[in-house]
1. Residues with beta-carbon under 13 Å from that of residue 47, excluding residue 47: net charge, scoring Lys, Arg +1 and Asp, Glu -1?
2. Divide by every residue of the chain the summed helix terms, -39500 (n - 2.57) for each DSSP H run of at least 4, and state the resulting mean residue ellipticity at 222 nm, rounded to the nearest 500 deg cm²/dmol.
3. Which whole-number value in Å² is the accessible area per residue of the chain, probe 1.4 Å?
Amino acid sequence: MEELIARVTNRTGLDAATATTAIGHILAFLQKEGPATEVSKMLAALPGSETAIAQANAQEGGGGLMGMLGGMMGGGGVMALGQKLISAGVPMNQMQPLGQELFAYGRETVGEDTMGPIVAAIPGLSQFV
């Protein structure tokens, strides 16, 4: 996980704590929305991923009023992830570089056979990776 965090901070300019939280949010999103087999394989290849997910989920704390309204209105997907990243301190213009770096690292670690189906399964994700 340290190598991924370093790559994200170098590419985006985010501090390590923000990068770690953002990575945790993205991984939690993939775990929820992506194909279970491929996501499990990716997470297993990223030591520390479960901890990052748990920390991101703990910081979320229920999402407040906006999270509740989004849930009631069926809000979710990539847009909901974007809101979590903004709340975590990721500027809008750094979301795509963040996603690109995370998925490049994933491809290097577990290959396109694992990462491709994850991207294909989640509507709207391809524009960020």
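The values are calculated or read from the model by the stated rules, or taken from the named source; none is laboratory data. Just so it is clear, the model here is predicted, and its values are computed rather than measured. FYI the Cβ positions are ideal-geometry reconstructions off the backbone, even for glycines, and counts take in every protein chain you see. Please note that ligands, DNA and RNA were not included when accessible areas were found on the heavy atoms of the full protein model with its side chains. Shrake-Rupley method; radii C 1.70, N 1.55, O 1.52, S 1.80 Å.
1. Around residue 47, the charge tally is -3.
2. -24000 deg cm²/dmol
3. Per-residue accessible area for the chain comes out at 52 Å².
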